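Trainee: Sending over a structure as structure tokens; questions will come in a sec.
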Amino acid sequence: MGRPATHDTDQLLDAALALAATGAEGVTVAAVARAAGAPSGSVYHRFASRSALLGALWVRTVASFQGGFLAALGEHEPEAARVGAAAHVLRWSREHPEAAMTLLHGASAYDQDGWPAELTAAAEAQAAALDRALALLATRTPGGRAENLQLLTFVTIDAPYAIVRRHLRAGQPIPASADEMIERCARTLAGAALEAR
């Protein structure tokens, strides 16, 4: 009978996440092992390569974000859906600043081309789920036109992440005033644009 594992996958990915906040280049097998207080063999036991480690980190981080985001997009009322999704970006980013910084770097910064097939498939499934949720909200929004999708993407993703990016990259907390700005953007600005069509 083998010895029980002392460093589980989540512990190793937590260590990788802390390193990734300043950029993926700092996430190496040796650095993760040091940060987790684990032998390099423990990391390689769970991740066949650095690319596999980076891919697993990306997929786990997206899953953490998307749970609440997709739930918000699924709200029955379109306005509540877009306001809730935009607010989720700020709330989640405040609660998980290292994870938010990881997402801001983008998948390509995490050696996306080198990921194992199963992680590539998982990331593609996550992206497809997001696309479906936004497309469904666009069809439930008055007008139901294709342009709605662009506007909804701006209101629920681009605008909130612009605030997140500016503050987190400057090492500053996301101010409470951002919540009202984003809510007004999602509720008033988007509403007026959609109703004008």
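Trainee: If a residue must be under 18 Å from the mean Cα position of the chain (by Cα), surrounded by 13 or more Cβ atoms within 10 Å (Cβ to Cβ) and touching a residue at least 40 places away in the same chain (Cβ under 8 Å), how many such residues does the stretch 147-178 contain?
Mentor: So the answer is 12.
Trainee: With the structure loaded, tell me whether ALA33 is within 21 Å of the chain's Cα centre (by Cα) and either modelled with pLDDT of 95 or more or of a type in the set (Phe, Trp, Tyr) (or both) or whether it fails that test.
Mentor: The answer is no for ALA33.
Trainee: So, in the stretch 8-39, exactly how many residues are aliphatic (A, V, I, L, M) and under 18 Å from HIS96 (Cβ atoms)?
Mentor: Summing the residues that are aliphatic (A, V, I, L, M) and under 18 Å from HIS96 (Cβ atoms) in the stretch 8-39 gives 12.
Trainee: Could you list all residues from the stretch 25-46 that are buried (at least 22 other Cβ atoms within 10 Å of the Cβ), in contact (Cβ under 8 Å) with a residue 24 or more places away in the chain and closer than 25 Å to SER93 by Cα?
Mentor: Once the filter is applied, which keeps residues that are buried (at least 22 other Cβ atoms within 10 Å of the Cβ), in contact (Cβ under 8 Å) with a residue 24 or more places away in the chain and closer than 25 Å to SER93 by Cα, the stretch 25-46 yields only VAL27.
Trainee: List the residue pairs whose Cβ atoms are under 9 Å apart, where the first residue sits in the stretch 47-62 and is farther than 9 Å from TRP115 by Cα, the second is crowded, with 24+ Cβ neighbours inside 10 Å and of a type in the set (S, T, N, Q), and the two are 6 or more positions apart or on different chains.
Mentor: LEU57/THR102; TRP58/THR102; THR61/THR102
Trainee: Something else now. Inside the stretch 33-46, can you point out the residues that are over 20 Å from GLU118 (Cβ atoms) and either of a type outside the set (A, V, I, L, M) or part of a helix (DSSP H, G or I) (or both)?
Mentor: Hits for the stretch 33-46 are ALA33, ARG34, ALA35, ALA36, GLY37, PRO39, SER40, GLY41, SER42.
The values are calculated or read from the model by the stated rules, or taken from the named source; none is laboratory data. Small disclaimer: the values here were computed from a predicted structure and weren't measured. Counting neighbours? That spans all protein chains shown, and the Cβs are built from the backbone with ideal geometry, glycine included.
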